[in-house]
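J.: Below you'll find the structure I mean.
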Amino acid sequence: LIHKFFGLPIFLFLMWLLFQLTFSLGQIPMDYIESGFNALGEFVKNNISNTFIASALADGIIAGVGAVILFLPNIMILFLGIALLETTGYMSRVAFLLDGILHKFGLHGKSFIPLITGFGCSVPAFMATRTLKNKRDRLLTLFVINFMSCGARLPVYVLFIG
């Protein structure tokens, strides 16, 4: 797994597989969650006579909570996969494997775990930087995590692109 030539392709394949599983398996509960919140919003609109309150509840609160909960399956699957890789010890081997590459960017190999966690959610990634012993490495990793594309930022990106 930390072979000089095959280690990086194996890691890239495993990350590709993890992201494919995250989005393909996560889409199934996301469809149910989305249809459930849409049905709840329609129920509120149809059963509350005051259109202002009905719209505020259905289009504001219910739609907002639904948009946040909608990403929960993807985040859970991604964190489960990362936890599995960490539990097996593969992530520490990858940190050793990527140490040379990350040193070119001024980061330590141990910065890899918070960076990968940043794809799921930035908050646990920020907390994962506590494992870094050097303050400089910790700060650099914190700054770079902000550029990782977490699932909650995806709707914002779509909004800007659209």
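J.: Can you give the relative contact order of the stretch 30-90 as a percent, counting alpha carbon pairs under 8 Å and 6+ residues apart? Show your work: numbers first, answer last.
T.: On the way: 28 pairs, mean separation 22.6, N = 61.
Reported relative contact order: 37 percent.
J.: I would also like to ask the following. Rounded, prolate or oblate for the chain? Axes are the square roots of the Cα gyration tensor eigenvalues, ordered a ≥ b ≥ c, and the cut-off for rounded is a/c under 1.5. Present the calculation step by step, with values, prior to reporting the outcome.
T.: Numbers: a/c = 3.29, a/b = 2.22, b/c = 1.48.
Judged from the Cα gyration tensor, the chain comes out prolate (a/c at least 1.5, a/b above b/c).
J.: Rounded, prolate or oblate: which one fits the stretch 70-153, using the alpha carbon gyration tensor with axes a ≥ b ≥ c (rounded when a/c is under 1.5, else prolate when a/b beats b/c, else oblate)?
T.: Numbers: a/c = 2.10, a/b = 1.36, b/c = 1.54.
Oblate, since a/c reaches 1.5 and b/c is not below a/b.
J.: Taking K and R as +1 and D and E as -1, what net charge do the other residues with C-beta under 15 Å from the C-beta of ALA58 add up to? Can you show the working numbers first?
T.: Values: positive: LYS45; negative: GLU34, GLU42, ASP59.
Local net charge: -2.
J.: A follow-up question, please. At a Cα cut-off below 23 Å, give the lysines reachable from LYS104, other chains included and same-chain residues fewer than 8 away excluded.
T.: Of all the lysines, those that pass the test against LYS104 - Cα under 23 Å, at least 8 places apart if same chain - are LYS4, LYS133, LYS135.
J.: While we're on this one: In nanometres, what is the gap between the two model label sites at ALA56 and LEU21, each 7 Å from Cα along Cα-to-Cβ?
T.: Label at ALA56, label at LEU21, 4.6 nm between them.
FYI, it's all coordinate maths here, none of it is from the lab. What you see is a predicted model, and the numbers here were worked out from it, not measured in a lab. Using ideal geometry, Cβ is built from the backbone for each residue, glycine included, and neighbour counts are taken over all protein chains shown.
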